[in-house]
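The values are calculated or read from the model by the stated rules, or taken from the named source; none is laboratory data. Here the structure is a predicted model, which means the values were calculated and not measured. Counting neighbours? That spans all protein chains shown, and the Cβs are built from the backbone with ideal geometry, glycine included. When the accessible area is computed, the model is the full protein with side chains, heavy atoms only, and any ligands, DNA or RNA have been set aside. Shrake-Rupley method; radii C 1.70, N 1.55, O 1.52, S 1.80 Å.
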Amino acid sequence: MKKQTKFITTSLVAAMLILPLAGCGQNVTNAPASQPQTEKTKTVEQKSSLQDSKYVAERYLSYIYDAKTAEIKDVTGESASSFKEEQKKFFYNRVGAVTPVEYPLVIEYQGFSELYTPEKIKSEYATAMVKYFEQVDDYKVIDSKESDNGAEVTVEVKGLAMNALANQANSYMDSLIGFDQNLALSKYPSDTTQKANAVLQFWAMGELFQQGNKAPMLKDSHTFTMYLEKDNQGNYQATEDTMSDVYSGSKLDTYEDGK
């Protein structure tokens, strides 16, 4: 399966204008009296593409998976640049939700030494995760249940295998000659060192992306639901939770085989 983006196009139906033909310079003595013509014009009411929940969902998914921007203001209420910042902020704020990134990492290995601040760790991780999800290339909208207030849209996707991504990070650290994990976590209190191992993974994921790493994708498809709201004109739009719906639904905490 390849990326599928449905575009629903509409066309205007134009009424044909019939002009009466009149002869010039001819004898019209026997010509019949002209009859008034009534032109009937049909007005066809168009349905906006934004009133199609599947269309809007596909548009939104293209922002997450393909970095596209068509109609992004209509669908999200934000400019393309603001949406990109919101994506990065989504991961930046969540990177320390379970394991707080509160102290710097002392990263040293052969030929390299740098102190990574919490802000830099989170920023690089957030950038990497946005880009990793842009590597998703197998997805489609398969259903939508519309109501007066919005729509629940079902998406099928081969998303990220997060355990496999964590394994990539661990393998990267193991490959660094002279890398000392204890030194790296030396700024963390001793009673938090075990939990802080996750911070090292966050750092490594950011580093791997900068080196051109490809995120591991699930071999089999799974489904998730994203919610869209409907405005008073009948147009569907993303809600403040739609981004979470998509990012959370587009991954599994497993390896590529789903285990």
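Points worth noting:
- Test result for TYR255, among the hydroxyl-bearing types (Ser, Thr, Tyr) and either under 24 Å from TYR92 (Cβ atoms) or at pLDDT below 95 (or both): no
Table: residues versus (1) over 15 Å from LYS251 (Cβ atoms); (2) touching a Cys at 6+ places or on another chain (Cβ under 6 Å); (3) at pLDDT 95 or above.
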{"residue": "PHE91", "(1), (2), (3)": "no, no, yes"}
{"residue": "PRO100", "(1), (2), (3)": "yes, no, no"}
{"residue": "GLU108", "(1), (2), (3)": "yes, no, yes"}
{"residue": "GLY111", "(1), (2), (3)": "yes, no, no"}
{"residue": "GLU114", "(1), (2), (3)": "yes, no, yes"}
{"residue": "THR127", "(1), (2), (3)": "yes, no, yes"}
{"residue": "LYS131", "(1), (2), (3)": "no, no, yes"}
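- Qualifying residue in region 156-178 (condition: within 30 Å of ASP231 (Cβ to Cβ), out of contact with any Leu (no Cβ under 8 Å at 6 or more places or on another chain) and at pLDDT 95 or above): yes
- In the set (1) surrounded by 15 or more Cβ atoms within 10 Å (Cβ to Cβ); (2) more than 17 Å from THR154 (Cα to Cα), SER250 fails one condition alone, (2).
- GLU152 meets the conditions (1) without any contact (Cβ under 8 Å) to a residue 40 or more places away in the chain; (2) among the charged types (D, E, K, R); (3) touching a Ser or Thr at 6+ places or on another chain (Cβ under 6 Å) in every case but one. The failed one is (1).
- Among the numbered conditions (1) closer than 30 Å to ASN235 by Cβ; (2) assigned to a loop (DSSP other than H, G, I, E, B); (3) touching a residue at least 24 places away in the same chain (Cβ under 8 Å), the only one that THR69 does not meet is (3).
- Output for region 164-185, where each listed residue is aromatic (Phe, Trp, Tyr) and more than 30 Å from LYS219 (Cα to Cα): PHE179
- Conditions (1) under 22 Å from LYS187 (Cα atoms); (2) open to solvent by 20 Å² or more (accessible area, probe 1.4 Å); (3) at pLDDT 95 or above: number failed by ALA80: (1)
- Residue list for region 182-231, filter: among the aliphatic types (A, V, I, L, M) and more than 25 Å from SER171 (Cβ to Cβ): MET226, LEU228
- Search result, residues across region 218-246 that are out of contact with any strand residue (DSSP E or B) (no Cβ under 7 Å at 6 or more places or on another chain) and surrounded by fewer than 20 Cβ atoms within 10 Å (Cβ to Cβ): LYS219, ASP220, ASN232, GLN233, GLY234, ASN235, GLU240, SER244
- Any chance ASN213 is in a loop (DSSP other than H, G, I, E, B) and under 20 Å from the mean Cα position of the chain (by Cα): yes
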